[in-house]
Amino acid sequence: MNSVIKNDLETISEILDDVKNYGLDFLQNLPELTTYATIQEKPQGSLPEKGIGTAETLELFRNNYQQLIVASAGPRYWGFVTGGTTPAGIAGDWLTSVFDQNTQSTKGAGDVSAIIEKETIRLLMQLFNLPQHFDGGFVTGATMSNFTGLAVARQWAGAKSGRNIAREGMQGDVVVMSATPHSSVIKSLSMLGFGSNNLVHVKTLEDREAIDIQDLEGKLEQYRGRNIILNCSAGTVNTVDFDDLKSIAVLKEKYGFWMHVDAAFGGFAACSPAHENLLEGWEHADSITVDCHKWLNVPYESAVILMDQKHAALQVETFQNSNAPYLGNPEENFSYLNFLPENSRRFRALPAWFSLMAYGKSGFQSVVENSIACANVLGEYLNNNALFQLDAPVRLNVVCFSLKNNPDKNHEFLRLLNSRGKVFMTPTNLSGALCIRAAFVNFRTAEKDIKLAIEEMEAVSALI
Ligand SMILES: Cc1ncc(COP(=O)(O)O)c(C=O)c1O
């Protein structure tokens with residue numbers, strides 16, 4: 001063994017202590033750390049001939065690279081939809097690296113960590129009050145989850161025309177519809193050969209991002225006879241609007257389309273009795289996307305795809321490693337490698353399992369309801385404000401706003417606000433106009449953070 005690696009192994013206890021203390025320092029200071037990296041240049045490191053060992057590498061990182069790390073896990077990082085990391089999430093994630101499983105199967109020789117992955121999926125379904133006929137597995141994020149749901153939908157559509165698309169390829173006999181798809185759905189259409197230009201856009205309700213059910217039915221009639229996949233939104237990324245999943249489920253009975261629900265973060269509305277009605281009907285979906293690195297507050301990368309088990313055979317047709325005999329017959333030997341896109345699979349379920357067991361239903365109810373309350377505090381401030389205007393109703397946990405009197409300065413305002421490093425938000429487009437968007441999913445965020453952000457917003461508005 002290389003002498004540096006040997007020395008590292010012999011001093012692993014000190015190394016892990018150092019890493020723990022270093023990580024602890026970061027976590028304890030997280031609320032005060034900057035949300036914006038001011039250094040934008042590339043690091044200039046070069047590969048050493050003889051390695052310097054982990055202890056020295058940690059020092060090197062601390063001195064030269066720490067400044068590139070922002071408080072994205074902190075309480076005032078409201079850009080995109082970025083969750084934080086709870087103690088249980090971190091514990092599970094650390095052990096995922098320590099255990100280094102390649103999570104595949106539930107029985108047989110070698111690694112059987114998929115037993116825990118399957119259990120984690122069951123726990124998640126209990127958290128979401130979803131029926132037992134769903135099963136699923138972990139992927140890197142909601143993008144891959146949407147990809148997976150749409151890939152099996154594609155296989156389903158081919159099977160309806162007597163074709164195995166996984167083997168024979170596409171022949172343009174599938175129609176995909178959606179009203180307000182997330183960009184990752186469009187990307188999935190590109191990756192899956194549907195062609196993103198071929199998406200059939202269904203109208204939204206007036207001043208909403210939710211699907212217009214009448215227009216949907218019109219389109220379903222128009223494309224009658226074709227195999228249709230409908231991508232539904234359970235929480236649009238901008239205004240957290242929900243398609244009427246209950247009415248969609250009724251139309252599904254009538255027209256027989258594949259119902260995919262992108263509930264990347266909106267699925268967590270199920271944790272709050274006051275908001276679970278938003279998801280009514282999602283139990284009729286064929287496939288559902290939920291992100292765990294958002295509202296479950298586990299570290300990136302973690303999401304699940306939930307699939308109605310009646311589609312298990314189609315799922316295997318889509319993802320089977322047909323020329324890998326060591327995986328055995330997928331009918332007899334369950335392996336995630338035959339059900340999901342990745343063949344190398346980190347034990348992603350573990351941080352989620354730790355979190356679900358550590359905090360339970362009431363823990364996540366309080367995380368979700370706290371985020372919603374924070375969004376409402378900011379929303380109420382923005383309503384009838386002299387400086388800012390609320391650009392969309394606060395439906396759940398996202399707030400969209402702009403400068404009241406000079407919205408053309410929104411961009412400059414946001415750039416300045418972010419550069420001060422106290423709070424981070426991202427821009428978006430609502431009805432063609434640029435506005436500012438704050439998304440709340442971090443379990444640490446509290447009212448004092450909203451207060452601090454408002455002070456920053458007011459200070460910056462005075463500067464432009
Ligand atoms: C509704 C929705 N779908 C999909 C995604 C993509 O998620 P990820 O970045 O985890 O791939 C997001 C991310 O914000 C989202 O909000």
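Given the options Gln315, Gln309, name the one that is more than 14 Å from the ligand (Cβ to nearest atom), at pLDDT 95 or above and either touching a His at 6+ places or on another chain (Cβ under 7 Å) or among the aromatic types (Phe, Trp, Tyr) (or both). Break it down into steps so the answer makes sense when it comes.
Numbers: Gln315 fails: either touching a His at 6+ places or on another chain (Cβ under 7 Å) or among the aromatic types (Phe, Trp, Tyr) (or both).
Result of the check over Gln315, Gln309: Gln309.
A quick yes/no check of all residues on (1) in contact (Cβ under 8 Å) with a residue 24 or more places away in the chain; (2) assigned to a loop (DSSP other than H, G, I, E, B); (3) within 16 Å of the ligand (Cβ to nearest atom); (4) surrounded by 15 or more Cβ atoms within 10 Å (Cβ to Cβ):
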site: Thr35; (1), (2), (3), (4): yes, yes, no, yes
site: Ile39; (1), (2), (3), (4): yes, yes, no, no
site: Leu47; (1), (2), (3), (4): no, yes, no, no
site: Thr54; (1), (2), (3), (4): yes, no, no, yes
site: Gly84; (1), (2), (3), (4): yes, yes, yes, yes
site: Val98; (1), (2), (3), (4): no, no, no, no
site: Gln101; (1), (2), (3), (4): yes, yes, no, yes
site: Gly110; (1), (2), (3), (4): no, yes, no, no
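Taking segment 260-304 as the range and being within 8 Å of the ligand (Cβ to nearest atom) and either under 26 Å from Met177 (Cβ atoms) or among the polar types (S, T, N, Q) (or both) as the test, the residues that pass are Asp262, Ala263, Ala264, Phe265, Gly266, Thr289, Asp291, Lys294, Ala303.
Restrict the check to segment 64-71 and report whether at least one residue is modelled with pLDDT of 95 or more, more than 22 Å from Phe268 (Cβ to Cβ) and open to solvent by 50 Å² or more (accessible area, probe 1.4 Å). Yes, segment 64-71 has at least one match. With the structure loaded, tell me whether Leu230 is assigned to a strand (DSSP E or B) and away from the ligand (no atom under 11 Å from the Cβ) or whether it fails that test. Judged against the criteria, Leu230 is a match.
Here Gly89 clears all of (1) part of a helix (DSSP H, G or I); (2) open to solvent by 40 Å² or more (accessible area, probe 1.4 Å) except the condition numbered (2). For Cys435, the conditions (1) under 24 Å from Gly266 (Cα atoms); (2) open to solvent by less than 50 Å² (accessible area, probe 1.4 Å); (3) not in a strand (DSSP E or B) all hold with the exception of (3).
Looking only at residues of segment 145-180 that are open to solvent by 30 Å² or more (accessible area, probe 1.4 Å) and closer than 24 Å to Asp244 by Cα, we find that the one that is farthest from the ligand (Cβ to nearest atom) is Trp156.
Every condition in (1) out of contact with any strand residue (DSSP E or B) (no Cβ under 6 Å at 6 or more places or on another chain); (2) in contact (Cβ under 8 Å) with a residue 40 or more places away in the chain; (3) away from the ligand (no atom under 15 Å from the Cβ) is met by Glu217 except one, and the failing one is (2). Applying the condition of being assigned to a helix (DSSP H, G or I) and open to solvent by less than 60 Å² (accessible area, probe 1.4 Å) to segment 181-190 and asking which residue is farthest from the ligand (Cβ to nearest atom) yields Leu189.
The values are calculated or read from the model by the stated rules, or taken from the named source; none is laboratory data. In this text, all values refer to a predicted model and were calculated from it rather than measured experimentally. Cβ coordinates were reconstructed from backbone atoms using ideal geometry, including for glycine residues, and neighbour counts include every protein chain displayed. Note: accessible area is taken over every heavy atom of the protein model, side chains too, but ligands, DNA and RNA are not part of it. Shrake-Rupley method; radii C 1.70, N 1.55, O 1.52, S 1.80 Å.
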